[in-house]
Amino acid sequence: MKFDQPAGQNPIDQLKVVGKATDRIDGKYKTTGTAAYAYERHDVVANQAYGYVLGAGIARGRIGAMHVDEAKAAPGVLAVVTTLETPRLERGKMNTAYLFGGDRVQHYHQAVAVVVAETFEQARAAAFLVRVDYLPEDGKYDLAAEASAAKPVPADSQEGSGGAGEERVGDFEGAFAEAPVTLDETYSTADESHAMMEPHATIAAWDGDKVTLWTSNQMIAWGHGSLAKILGVPKENVRLDAPFVGGGFGGKLFVRADAVLAALGAKAAGRPVKVALTRPLIANNTTHRPATIQRVRIGATKDGTITAIAHESTSGNLPDGSPETAVNQTRMLYAGANRLTAMKLAQLDLPEGNAMRAPGEAPGLMVLEVAMDEMAEKLGMDPVEFRLRNDTQVDPNKPDRRFSHRDLVGCLNLGSKKFGWAKRNPTPGRVRDGQWLVGVGMASAYRDNMSLKSGARVRLDGRGMVTVETDMTDVGTGSYTIIAQTAAEMMGLPLDNVVVRLGDSDFPVSSGSGGQFGANSSTSGVYAACVKLREAVAQRLGINSADAVFADGEVRSGNRAVPLGEAAAEGDLTAEDAIEFGDLSKQYQLSTFGAHFVEVGVDVHTAEIRVRRMLAVCAAGRILNPKSARNQVIGGMTMGTGAALMEELAVDTKRGFFANHDLAGYEVPVHADIPHQEVIFLDEVDPISSPMKAKGVGELGICGVGAAVANAVYNATGIRVRDYPITLDKLLDRMPEAA
Amino acid sequence: MIGASAAAAMAAAAAAAGDAPAGTDKPVMAKVVLNVNGQRRELELDTRTSLLDAAREHLHLTGSKKGCDHGQCGACTMIVDGRRINACLTLAVMHQGSEITTIEGLGGPDDLHPMQAAFVAHDGYQCGYCTPGQICSGVAVLAEIKAGIPSHVTADLNAPMQVTDAEIRERMSGNICRCGAYSNIVEAMTEVAGRQA
């Protein structure tokens, strides 16, 4: 099905199942420990051996020799595969760093060997017997030091939301010079780790020249193609299966060393092999969100109308790597006739930087929305009012191109009212509650809405059950449930009559999960397949499909009412289709919007920051399942709070690695850090987005929330920190008198 | 930061001492009896096997998760002899005769424990990987409060202990949920506490 015209009335609009707050259909498995993740699939193949991955102990250089005799002789060892004896393997299409093979070390903890043994304990012990002779070389590990040598990013950065390397509208410099009120500040954001709870893990089994990988991956089709390329086997000889994925946040978009080394280890051992990356490998062996240095300049008239806005960002990456596209939202979020956005990329020898939840917008809004707060203060304006003043209904770069639907104003106004923003004391450091200095802050949320082609197969059986198969993944987003809701709505069935099977590369190719495109794209694919199934049912029953009403488990036409299952009485009915998105997203700008409001307390003695209240108001089209969508938003708010207050991969700029590579050193928010969170969805539909009239919501929650936290800290203390995260050491020597 | 160099150093030290390098010895095996979810389970294990791996790899009870293997994330939480512990930080052979409850012992898909049902109703999870640990911790936390065991945020040790949001958040902070469903987990636990009261 081609989607190239705005959606009209369709069966989804009945909203009998879609749009209702619905418990997850996979909930009873996840809460009982019976949902099996990659490493746990004891039942899929017999005789599984254990692989243990060894990471490089240097950040850059070559390996002169590897001594594996002791490891090979150790009890239980079945095979040792080293990078030296393996030719450098091709990269997957989306990989920047090479995953395995050859003598070159590109980054710390790059995989250099996998040891396969009968048991985990034996594999681990033997891995530590492998001795590696390194020939270290100097590398570049310090973004601040390399920033001056960073090169402009070429036209299309190809990353995250994409976007031009440099874009100009009007005459920024001229307008900025003439503006009566200006801001020019530089900020920095830290390297961050996805730190998903399930480590990257894979079981691989060869059957002749065919290989199956039970793995943990967000994008089955990408992984499928990449593994075929990396392993050098035809695509039809590779199968991936990932029915449950224990979190990804972008860290499992691409094939990683676990999958490659499970496959190589299994080949070498002649047995199925299971590999999980150990937690200490995840920060340096896989990918991370790159640190940025960002400069924002805003010029405005005295009434708060922006006349000039510039956002420039510098980040670093390995050769062939892409930038963190932190300036993207600034092209679209506020009006202003004269504009400049630009990115520079420095070459670093740290591990691969790549997409992490809302790449670009998350660190970009962390900075832009603090700059907006600073500018509002300079103007003597309320920060909400300043944003309202500069709303735009058109793409500021192309004024004849409208947003498909944009209600940032509605989010700001409703959020302001619900949060009690009017009670805010605009003078920082004036509100006290016992030992706490109390402050409130707000920020706009913005994230582009992307869509990808997505396919599904639906099958109706004689009992009136519909089974949906698609290689879509559920990474905690709730895909199982919204897909079931979609099929139930389309076929006029209760939710219990739908079975959803996901994550298998034998199923039709879906959008996969990433960039908050998964929910809208994959359910639209299911919609398309169900349209075909409805036609097949009508044809089988001899009903004109235009007249047919699918409701309450029946198909009705005129006076006739037939149980749906009867259409499949003589054999299952199967239909398959994909949604393909046309150029509506070129004609219109499709984006999602929100407003974050946060209250913090800062301990007057210790500068400890506690988040006390959080509210997000979101405008993101139709909300397919308000229960899981809300959860996505609070999850984003939580991760964004981490970015604002604690998350930072600490770079050892001498040895070139992230030093705090575990969950004790790399701090993420825990229960005690997060208060009750409120989320309000504006009741809206976006027929330009898809037949579902939905948009992405999985990343909107993280966008802007960190800035709202930072602005609240400023309001509480009067201290403006521009180097994130805001750890208490950055406040302590500047705290107001405790008295 | 365990790497090849550290391992090499250890091996060299062992060799210098005239011993075989660490790790090349035959595994030391031991018999251990665990009472898991009300069932007596006899295992012969490499003594290096953690309680978590004994459950996951030997008993195929994979509900308890390995998120870090360092006692930093809480995904492996089990209730052992009435107390919640990180099963990755303890060796199976240290639990001879222990009464162990894993997530599988609380309830199954068609027979949910009230805490499991509350997690479903309040959407107290997303990816599900930390969930068994959260639920085992949640059950144990309510029992700890009921038993009057204080926490860091308990203001008055003489007053009857209350199931407050602050108590729940403090006591649950060893269980990381990277998806960030904390707000919903607190609601789920509060509902169960209310029902228990």
Residues of the range B:125-174 being within 9 Å of chain A (Cβ to nearest Cβ), over 16 Å from the mean Cα position of the chain (by Cα) and touching a residue at least 40 places away in the same chain (Cβ under 8 Å), in sequence order, are B:Y125, B:Q126, B:C127
Flagged in the range A:505-527 as surrounded by 24 or more Cβ atoms within 10 Å (Cβ to Cβ) and either assigned to a helix (DSSP H, G or I) or not small (G, A, S) (or both), in numbering order, are A:Q516, A:G518, A:A519, A:N520, A:S521, A:S522, A:T523, A:S524, A:G525, A:V526, A:Y527
Exercise. Could we say that A:G656 is closer than 22 Å to A:Q106 by Cα and in contact with a Gly (Cβ under 6 Å, 6 or more places away or on another chain) here?
Worked result: yes
All-but-one check, A:D496 against (1) within 14 Å of chain B (Cβ to nearest Cβ); (2) within 23 Å of the chain's Cα centre (by Cα), failing number (2)
**Request:** With the condition kept exactly as written, say whether any residue in the range A:686-697 is out of contact with any strand residue (DSSP E or B) (no Cβ under 6 Å at 6 or more places or on another chain), within 14 Å of another protein chain (Cβ to nearest Cβ) and surrounded by fewer than 20 Cβ atoms within 10 Å (Cβ to Cβ).
**Result:** no
Picked from the range A:264-285 (must be β-branched (V, I, T) and touching a Pro at 6+ places or on another chain (Cβ under 9 Å)), the residue surrounded by the fewest Cβ atoms within 10 Å (Cβ to Cβ) is A:T278
Log entry, pairs with first residue in the range A:629-645 being more than 7 Å from chain B (Cβ to nearest Cβ), second being modelled with pLDDT under 95, beta carbons closer than 7 Å, six or more apart or on different chains, reads A:Q632/A:G698
Scanning the range A:646-685 for residues that are among the small types (G, A, S), more than 10 Å from chain B (Cβ to nearest Cβ) and under 23 Å from the mean Cα position of the chain (by Cα) gives A:A650
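Just need a number here: residues in the range A:270-284 that are in a loop (DSSP other than H, G, I, E, B) and of a type outside the set (A, V, I, L, M, F, W, C).
4
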Among residues of the range A:1-56 being among the polar types (S, T, N, Q) and more than 7 Å from every other protein chain (Cβ to nearest Cβ), the residue farthest from A:T477 (Cα to Cα) is A:N47
Exception for B:E57 within (1) facing another protein chain (nearest Cβ under 7 Å); (2) surrounded by fewer than 18 Cβ atoms within 10 Å (Cβ to Cβ); (3) modelled with pLDDT of 95 or more; (4) not in a loop (DSSP other than H, G, I, E, B) falls at (2)
Residue hits (the range A:582-598; over 19 Å from the mean Cα position of the chain (by Cα) and closer than 19 Å to A:P691 by Cβ) are A:G582, A:D583, A:L584, A:S585, A:K586, A:Q587, A:Y588
Scanning the range A:31-69 residue by residue, those touching a residue at least 60 places away in the same chain (Cβ under 8 Å) and charged (D, E, K, R) turn out to be A:R41, A:R60, A:R62
Whether any residue in the range B:106-124 is within 10 Å of chain A (Cβ to nearest Cβ), crowded, with 24+ Cβ neighbours inside 10 Å and assigned to a loop (DSSP other than H, G, I, E, B) is what I want to check. yes
When the range B:91-105 is checked residue by residue, the ones that are buried (at least 24 other Cβ atoms within 10 Å of the Cβ) and facing chain A (nearest Cβ under 8 Å) are B:T102, B:I103
For the range A:362-393, the count of residues that are out of contact with any Phe, Trp or Tyr (no Cβ under 6 Å at 6 or more places or on another chain), touching a residue at least 24 places away in the same chain (Cβ under 8 Å) and not in a helix (DSSP H, G or I) equals 4
Inside the range A:290-311, the number of residues satisfying the requirement of being charged (D, E, K, R) and either within 15 Å of A:V370 (Cα to Cα) or modelled with pLDDT under 95 (or both) is 2
Quick count over the range A:615-628, residues being more than 10 Å from chain B (Cβ to nearest Cβ) and assigned to a loop (DSSP other than H, G, I, E, B), is 3
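The values are calculated or read from the model by the stated rules, or taken from the named source; none is laboratory data. Just so we're clear, the structure is a prediction, and the values are computed from it rather than from any experiment. For neighbour counting, all protein chains shown are included, and Cβ atoms are generated from backbone atoms with ideal geometry for every residue, glycine included.
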